[in-house]
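Engineer: Before I ask anything, here is the structure I am working with.
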Amino acid sequence: MTTKNQELSARSYQPQFKQLLQAVFKKQSYFADFFGGGIEALDGVQFNETAFSVKTSDIPVVVGAAYSKGANVAFGTGTGNSNRFGNRTEIIYTDTPVSYSWEWVFHEGIDRHTVNNDFNSAVSDRLELQAQAKTQAFNTHHSAFIEASAGKELTLTDYSADNIKALFNDASKYFTQIESVGTRVAKVTSDIYNAIVDHQLTTTGKNSTVSIDNNEVIKFKGFLVQEVPDSMFTDSVAYFYIVAIAKAFTGINTARAFESEDFDGVALQGTGKAGEFILDDNKQAVVKVTLATPPVGK
C-alpha cells in the first residue's frame, strides 16, 4: 500500500479546531463556571503526559488582628526591630505538574461523490460538530470529576418543598461556616429544579428571585441555580460549589484532513488528551447531594 498520499499534503486544522472547541465549550458546557468559564486548549501537543504546571501555595492568607499603633512599635525602642503590620509570612509557590487523564478521538470520511455539499464547507461543518461532540464528552467527564472532588456530602430525603428548602439551608450554612469567598452555584436535576419553581419557595420573602416568564430560577438561598440533564449525575442529584475553583484542559495532538486511498475524498481525523485539576484546599468548597432512596435504575 502506498504512503505517498497521492502526492497531496495533509491539511492541518489544529488551530481552527482549538478555537472551535473553546467557543463551543463556553456555550454548551454545563460546568464551565466550575472551571473558570472555559477550557484551556493546547494545539500541536504530541506525546506529553503532563499538560502543564500550576503555581500552588499551601500557605494560607494570614489576616492580622489589628494594625499596631504602639509608641514603641516601629518607632522609639522598636525602631528597626519591629513593625506595625505584625509578623510577615513568606509566600512560596510550588510548581505542581498536572497530567492528562483521558483521551478523545474522531475519524470520518468525506467522499466527493456523496457529500452533496461544498467540500470545504463540509470540512468546516464537521469540525464544528466534532467540537460539539467533544464538549458533550467533557460534560460527562467533568461531572464525574466534580463528584469525585466533593469534600462534603449532603443527603436529600425526597423532593418535597420542605426538604429541598432544608437542603439549601444546610448548603448555605456550610459555605458560610467554611468562610468561602465567591459566587455560589447549584447544579440540580430536573426534579429539584421543578420543585423549586412549582412550590412556593421562590418568593422574595424566602430570599429568592425567579423569572416566571422563562420559568427559570435565577437565585435561591444565595445560590445561582441551573437545571442540567439527569444523565449528568451518576450517584448524585445536585452539586453546590464556588465558581472558578478548578481548571479543565485539553491537548490537541492532531486535527487533519488528507486524501484517502479507500475512496475519492478526504479522511478527517483528530485525537487529543484531556484532564481536570483542583487544589486540595478547594475541594471543601464542592458539595455533592445524594438522594436517600435513589430512583430505580440509578
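Engineer: Which one of these does Lys283 not meet: (1) at pLDDT 85 or above; (2) under 25 Å from Thr135 (Cβ atoms); (3) part of a strand (DSSP E or B); (4) open to solvent by 60 Å² or more (accessible area, probe 1.4 Å)?
Structural biologist: Of (1) at pLDDT 85 or above; (2) under 25 Å from Thr135 (Cβ atoms); (3) part of a strand (DSSP E or B); (4) open to solvent by 60 Å² or more (accessible area, probe 1.4 Å), only one is false for Lys283: (3).
Engineer: While we're looking at this one, here's another question. Where residues in region 218-264 are aromatic (Phe, Trp, Tyr) and part of a strand (DSSP E or B), which of them is farthest from Ala144 (Cα to Cα)?
Structural biologist: By that ranking, first place goes to Phe258.
Engineer: Answer with yes or no whether Val115 is within 25 Å of the chain's Cα centre (by Cα) and of a type in the set (Val, Ile, Thr).
Structural biologist: Here the answer is no, as Val115 does not meet what is asked.
Engineer: Now for a separate question. Which condition does Gln6 not pass, out of (1) within 30 Å of Ile146 (Cβ to Cβ); (2) outside any loop (DSSP other than H, G, I, E, B); (3) modelled with pLDDT under 60, if it passes all the others?
Structural biologist: Every condition holds for Gln6 apart from (1).
Engineer: Checking the structure you have, find out if any residue of region 281-298 is under 19 Å from Tyr100 (Cα atoms) and of a type outside the set (Gly, Ala, Ser).
Structural biologist: Looking only at region 281-298, we keep the residues that are under 19 Å from Tyr100 (Cα atoms), and these are none.
No, that holds for no residue.
Engineer: Moving on. Considering only residues that are open to solvent by less than 10 Å² (accessible area, probe 1.4 Å) and within 28 Å of the chain's Cα centre (by Cα), which ones fall in region 238-267?
Structural biologist: Residues satisfying the conditions are Ala238, Tyr239, Phe240, Tyr241, Ile242, Ala248, Phe249, Thr250, Gly251, Ile252, Ala255.
Engineer: List the number of the failed condition for Gly272; all other conditions in (1) open to solvent by less than 50 Å² (accessible area, probe 1.4 Å); (2) modelled with pLDDT under 90 hold.
Structural biologist: Among (1) open to solvent by less than 50 Å² (accessible area, probe 1.4 Å); (2) modelled with pLDDT under 90, Gly272 violates only (2).
Engineer: Identify the single condition in (1) free of Cβ contacts under 8 Å to residues at least 40 places away in the same chain; (2) closer than 22 Å to Ile278 by Cβ; (3) in contact with a helix residue (DSSP H, G or I) (Cβ under 6 Å, 6 or more places away or on another chain) that Ile178 does not satisfy, given that it satisfies every other one.
Structural biologist: Single failed check for Ile178: (1).
So that you can scan it fast, the table gives a plain yes or no per residue for (1) in a helix (DSSP H, G or I); (2) modelled with pLDDT of 90 or more; (3) open to solvent by 10 Å² or more (accessible area, probe 1.4 Å):
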site: Glu147; (1), (2), (3): yes, yes, yes
site: Glu153; (1), (2), (3): no, yes, yes
site: Asp158; (1), (2), (3): no, yes, yes
site: Asn163; (1), (2), (3): yes, yes, yes
site: Ala171; (1), (2), (3): yes, yes, no
site: Phe175; (1), (2), (3): yes, yes, no
site: Ala186; (1), (2), (3): no, yes, no
site: Asp191; (1), (2), (3): yes, yes, yes
site: Ala195; (1), (2), (3): yes, no, no
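Engineer: Among all residue pairs at least 6 apart or on different chains, which show Cβ distances below 7 Å where the first residue, located in region 130-149, is closer than 13 Å to Met232 by Cα and touching a residue at least 60 places away in the same chain (Cβ under 8 Å) and the second is open to solvent by 40 Å² or more (accessible area, probe 1.4 Å) and among the aromatic types (Phe, Trp, Tyr)?
Structural biologist: Asn139/Tyr30
Engineer: Could you count how many residues in region 108-143 are hydroxyl-bearing (Ser, Thr, Tyr), in a helix (DSSP H, G or I) and open to solvent by 70 Å² or more (accessible area, probe 1.4 Å)?
Structural biologist: Total meeting the criteria: 1.
Engineer: Provide a single number: the residues in region 20-31 that are open to solvent by less than 10 Å² (accessible area, probe 1.4 Å) and assigned to a helix (DSSP H, G or I).
Structural biologist: Qualifying residue count, region 20-31: 2.
Engineer: Which condition number in (1) farther than 26 Å from Leu279 by Cβ; (2) at pLDDT 90 or above is the one that Gln200 fails?
Structural biologist: That leaves (2) as the condition not met.
Engineer: Scanning for something among the acidic types (Asp, Glu) and over 23 Å from Asp43 (Cβ atoms), does region 100-108 turn up at least one residue?
Structural biologist: Within region 100-108 (the criterion being among the acidic types (Asp, Glu) and over 23 Å from Asp43 (Cβ atoms)), the answer is no, since none of the residues qualifies.
The values are calculated or read from the model by the stated rules, or taken from the named source; none is laboratory data. Remember, it's a predicted structure, so these values are computed and weren't measured experimentally. We place every Cβ from the backbone using ideal geometry, glycine too, and count neighbours over all the protein chains shown. The accessibility values were calculated without ligands, DNA or RNA, using every heavy atom of the protein model including side chains. Shrake-Rupley method; radii C 1.70, N 1.55, O 1.52, S 1.80 Å.
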